[in-house]
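Student: For reference, the structure I am asking about is given below.
The values are calculated or read from the model by the stated rules, or taken from the named source; none is laboratory data. Note that the coordinates shown come from a computational prediction; the quantities given were computed from them, not determined experimentally. Because the Cβ atoms are built from the backbone with ideal geometry, glycine has one as well, and the counts that use them run over all protein chains shown.
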Amino acid sequence: MADGAAILRHPAVTVAAGAAATAVTGAGQLYLACEQLPFVGGQLRRGRVELARRGEQVIDQSIEPIKTVITAVAVAVVELVLDELDLNKLVRERIDLIGLADEVIDGVDLQAIIRQSTATVTENVMSDVRTQGERADDMVSGFVDRLLGRASEEVPPSRRLGEEQGSVGQP
């Protein structure tokens, strides 16, 4: 079977298309010439204007369904193309993944990220160490108070936490 392009180039088709184009052009020119006639020209002109207006209305009303059909066809074509493509193979063949990874890594300030995360961890550890030190100080202070026979109510908690350092034996 011949393809569409070969059929359109056949001499019979080209002669027929040429004859049709000549007839349409001649009819259009004849009609415009008739619009210049004294009695019927005004009627012909009004008729042409009215037909053009109605044609524009039909086109305006038809454009949305045509857009819908074109959109549906385009979506179907894209889906068919995507079904035929192996995107993984295409990416591997056309994209320098190592170069892309290098660009991404260069764009990341890894030192700042490590510095920020380490600072947060260090702050938490130091806070825990201080808290444990305070607890140990309280335990030692309580042990010394019991060893010296002092009641825990006699020594205010602020002194037991080391507010007056070096005065463990003084009330």
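Student: Of Leu51, Leu44, which residue is in contact with a Cys (Cβ under 7 Å, 6 or more places away or on another chain) and either closer than 29 Å to Gly28 by Cβ or surrounded by 10 or more Cβ atoms within 10 Å (Cβ to Cβ) (or both)?
Tutor: On inspection, the qualifying residue turns out to be Leu44.
Student: Something else: So, Ile113, is that one assigned to a helix (DSSP H, G or I), within 33 Å of the chain's Cα centre (by Cα), among the β-branched types (Val, Ile, Thr) and at pLDDT below 85 or not?
Tutor: The answer is yes for Ile113.
Student: Looking only at segment 121-171, count every residue that is at pLDDT 80 or above and among the hydroxyl-bearing types (Ser, Thr, Tyr) and tell me the total.
Tutor: Selection size over segment 121-171: 4.
Student: In this structure, is Arg130 without any contact (Cβ under 8 Å) to a residue 60 or more places away in the chain, within 30 Å of Gly28 (Cβ to Cβ) and either assigned to a helix (DSSP H, G or I) or not acidic (Asp, Glu) (or both)?
Tutor: Here the answer is no, as Arg130 does not meet what is asked.
Student: For segment 95-104, how many residues meet the condition of being over 22 Å from the mean Cα position of the chain (by Cα) and either part of a helix (DSSP H, G or I) or surrounded by 10 or more Cβ atoms within 10 Å (Cβ to Cβ) (or both)?
Tutor: Residues flagged as over 22 Å from the mean Cα position of the chain (by Cα) and either part of a helix (DSSP H, G or I) or surrounded by 10 or more Cβ atoms within 10 Å (Cβ to Cβ) (or both) within segment 95-104 amount to 3.
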